[in-house]
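> Provided herewith is a single structure, encoded as C-alpha cells, for subsequent inquiry.
The values are calculated or read from the model by the stated rules, or taken from the named source; none is laboratory data. Just so we're clear, the structure is a prediction, and the values are computed from it rather than from any experiment. Cβ placement follows ideal geometry from the backbone for every residue including glycine, while neighbour counts extend to all protein chains displayed. Side chains are part of the model used for accessible areas, which takes the heavy atoms of the whole protein and leaves out ligands, DNA and RNA. Shrake-Rupley method; radii C 1.70, N 1.55, O 1.52, S 1.80 Å.
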Amino acid sequence: MSDAVRVYEVGPRDGLQNETQIIPTARKIELIDLLSRAGFRKIEATSFVSPRWVPQLADAAEVMAGIQRHDAVDYAVLTPNLKGAELAIAAGADELAIFASASEGFSQKNINCSIAESLSRFEPVMAVAEKAFVPVRGYVSCVAVCPYDGAVDPRAVRDVARRLFDMGCYEIALGDTIGAGTPESIRRMIEEVLTEIPAERLAGHFHDTGDTAIDNVRVALDLGLRTFDSAVGGLGGCPYAPGAKGNLSTAVLVEMLQAEGFDTGIDLQALALAEACIAAMKSVPPT
Ligand code: HMG
Ligand code: MG
C-alpha cells in the first residue's frame, strides 16, 4: 500500500460558505494564493451555487478570475446543477464537484430536491464536464448521521456513492457532514461502500464537531483510503446542516499523517501563513 496521502484542501469553499460575515473577495484570493504555495495538488476554491442560498460565495467568478494559478494545483468548485457547471467551466475550474446526500431530509434542505432529483440534475453536469474535459468529483453527504433524519443506513451511502461513481465521478468523497460519525460507524459505512467502490476511488471528508474526525481518518487509512479532505484553520460547516462545525483542521491532519510516516507533500510553514490569513480575515469588522 502506498505511503503517500493526498490532502484535499476544502477551506476556501467548505469553510468560507459558513462564515457569518461576508469575507472580502480580495481576502479569499489571498487565502487561496497562500494555499497554492503550501504543496496542495487540489484546492476547492469556491461554489457556483445560488447566491440566494449561499451569499458568502456569491463572488465565485471573481475569486476564480483573481487567483494566481499554479500549474501543479487543480482548482475545484462545487456545482449543484447545469447552471453552476456552465458558470464554473466558463470561470476556468479545473475540476467540478457534485454533491448528493445519503438522506432525504438533508437533500431537501440543502439543494431543495429529493436524492433522485439531484442525481438526474447531475446528468447534464457530467455531460458538459465531459465535453470540456473537466473531471468531476462526487460527494455523498450525511454518511453517518443526518441532522434531519437521524442515523443513516450504510447501504444508503453505498447506493448513492455507486450512482455517482457509475455516472463518471473519478472519486467519491464520503462526507460526515455534521461530524457525528464515530470510528465504529465510519468503519461500518466504509466497509459497505468498499463492496462497490475500490478504496483508491474514495476520500474521507470528516467534519470535526464531535472531535472524532482524526480517529475517523485513522479508520479510513486502515481500510485503504489515501485521500482526505480538510480545511485550513479548521474552518467549516454547512449553512443547511445545523451543528456542522469545522472541517478537520489541515495542520492537525498533516501532522498526524507525517507522524505516522505518510508523505503528504504539504509544507507546514507555508500552511501557517494561510492560517494567519484566516486570523486576519476573522478580525475584519462585518460589512
Ligand atoms: P432552488 O431555489 O430550488 O433553484 O435552489 P431554482 O432553480 O428555482 O433557482 C433559484 C434561483 O437561483 C434562480 O434565480 C436561479 O437562476 C438561481 P432567480 O431567477 O430567482 O434570480 N440559481 C443559480 N444561480 C447561480 N448558480 C447556480 C444556480 N442555480 C440556480 N448554480 C439550488 C436549488 C440547488 C440552486 C440551491 O438549493 C443551492 O444553490 N443550494 C446550494 C446549497 C449549498 O451550497 N450548500 C453547501 C454545500 S454542500 C456541503 O457543504 C456538504 C459537503 O461539504 C460535504 C459534506 O460535508 O457532507 C459538500
Ligand atoms: Mg463538508
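> Identify the single condition in (1) part of a helix (DSSP H, G or I); (2) surrounded by fewer than 19 Cβ atoms within 10 Å (Cβ to Cβ) that Leu164 does not satisfy, given that it satisfies every other one.
Of everything listed in (1) part of a helix (DSSP H, G or I); (2) surrounded by fewer than 19 Cβ atoms within 10 Å (Cβ to Cβ), Leu164 misses just condition (2).
> Of Ala156, Ala180, which residue is away from ligand 2 (no atom under 16 Å from the Cβ) and open to solvent by less than 50 Å² (accessible area, probe 1.4 Å)? Before you say what the answer is, go through the steps one by one.
Numbers: Ala180 fails: away from ligand 2 (no atom under 16 Å from the Cβ).
Answer to the check: Ala156.
> While we're looking at this one, here's another question. Return the pairs, sorted by first residue and then second, in which the second residue is modelled with pLDDT of 95 or more and open to solvent by less than 50 Å² (accessible area, probe 1.4 Å), the first residue lies in segment 255-266 and is on the phi > 0 side of the Ramachandran plot, the beta carbons are less than 7 Å apart, and the residues are 6+ apart or on different chains.
Gly265/Gly39
> A follow-up question, please. Here is a check on your reading of the model: is Ala203 closer than 22 Å to Phe262 by Cβ, within 13 Å of ligand 1 (Cβ to nearest atom), modelled with pLDDT of 95 or more and surrounded by 20 or more Cβ atoms within 10 Å (Cβ to Cβ)? Before the answer, list the steps.
On the way: closer than 22 Å to Phe262 by Cβ: yes; within 13 Å of ligand 1 (Cβ to nearest atom): yes; modelled with pLDDT of 95 or more: yes; surrounded by 20 or more Cβ atoms within 10 Å (Cβ to Cβ): yes.
Considered against the rule, which asks whether it is closer than 22 Å to Phe262 by Cβ, within 13 Å of ligand 1 (Cβ to nearest atom), modelled with pLDDT of 95 or more and surrounded by 20 or more Cβ atoms within 10 Å (Cβ to Cβ), Ala203 comes out as yes.
> Follow-up question, since we're still on this one. Restricting the search to segment 131-153, which residues are surrounded by 17 or more Cβ atoms within 10 Å (Cβ to Cβ), assigned to a strand (DSSP E or B) and more than 15 Å from ligand 2 (Cβ to nearest atom)?
Hit for segment 131-153 is Val136, nothing else.
> Mind listing just one residue for me: the one in segment 1-52 that is of a type in the set (S, T, N, Q) and over 25 Å from Pro242 (Cβ atoms) and, of those, most open to solvent (accessible area, probe 1.4 Å)? Even if it seems obvious, please write down each step before you answer.
Start the filter on segment 1-52 by keeping residues that are of a type in the set (S, T, N, Q), which leaves 2, 17-18, 20-21, 25, 36, 46-47, 50.
Imposing the further condition that a residue be over 25 Å from Pro242 (Cβ atoms) reduces the set to 2, 25, 36.
Details: Ser2: 64, Thr25: 44, Ser36: 8 Å².
My answer is Ser2.
> Something else: Looking only at segment 115-125, which residues are open to solvent by less than 60 Å² (accessible area, probe 1.4 Å) and either among the small types (Gly, Ala, Ser) or within 20 Å of Arg13 (Cβ to Cβ) (or both)? If you could, list the steps in order and put the result at the bottom.
The initial filter retains those residues of segment 115-125 that are open to solvent by less than 60 Å² (accessible area, probe 1.4 Å), namely 115, 118-119, 122, 124-125.
Residues satisfying the conditions are Ser118, Phe122, Val125.
> A further question on this structure: Can you report the number of residues in segment 167-189 which are closer than 12 Å to His207 by Cβ, assigned to a loop (DSSP other than H, G, I, E, B) and not small (Gly, Ala, Ser)?
So the answer is 2.
> Would you point out which residue out of Val232, Val217, Val254 is open to solvent by less than 10 Å² (accessible area, probe 1.4 Å) and away from ligand 1 (no atom under 16 Å from the Cβ)? Can you show your working first?
Values: Val232 fails: away from ligand 1 (no atom under 16 Å from the Cβ); Val217 fails: away from ligand 1 (no atom under 16 Å from the Cβ).
Just one listed residue meets the conditions, Val254.
> Could you tell me which numbered condition Leu225 fails, if it satisfies all but one of (1) more than 16 Å from the chain's Cα centre (by Cα); (2) more than 14 Å from ligand 2 (Cβ to nearest atom); (3) at pLDDT 95 or above?
Unmet for Leu225, out of (1) more than 16 Å from the chain's Cα centre (by Cα); (2) more than 14 Å from ligand 2 (Cβ to nearest atom); (3) at pLDDT 95 or above: (1).
> Restricting the first residue to segment 18-42 and requiring it to be acidic (Asp, Glu) and at pLDDT 95 or above, which pairs with a second residue that is crowded, with 21+ Cβ neighbours inside 10 Å and assigned to a loop (DSSP other than H, G, I, E, B) meet a Cβ separation below 7 Å and a spacing of at least six or different chains?
If the second residue must be crowded, with 21+ Cβ neighbours inside 10 Å and assigned to a loop (DSSP other than H, G, I, E, B), the pairs left are Asp33/Ile67.
> Of everything in segment 95-114 that's open to solvent by 20 Å² or more (accessible area, probe 1.4 Å) and either assigned to a helix (DSSP H, G or I) or over 28 Å from Arg41 (Cα atoms) (or both), which residue is farthest from ligand 2 (Cβ to nearest atom)?
Keep residues of segment 95-114 that are open to solvent by 20 Å² or more (accessible area, probe 1.4 Å), which gives 99, 104, 108-112, 114.
When the remaining residues are screened for being either assigned to a helix (DSSP H, G or I) or over 28 Å from Arg41 (Cα atoms) (or both), the result is 104, 108-112, 114.
Working: Glu104: 18, Gln108: 17, Lys109: 14, Asn110: 10, Ile111: 14, Asn112: 18, Ser114: 20 Å.
So, considering only residues that are open to solvent by 20 Å² or more (accessible area, probe 1.4 Å) and either assigned to a helix (DSSP H, G or I) or over 28 Å from Arg41 (Cα atoms) (or both), the one farthest from ligand 2 (Cβ to nearest atom) is Ser114.
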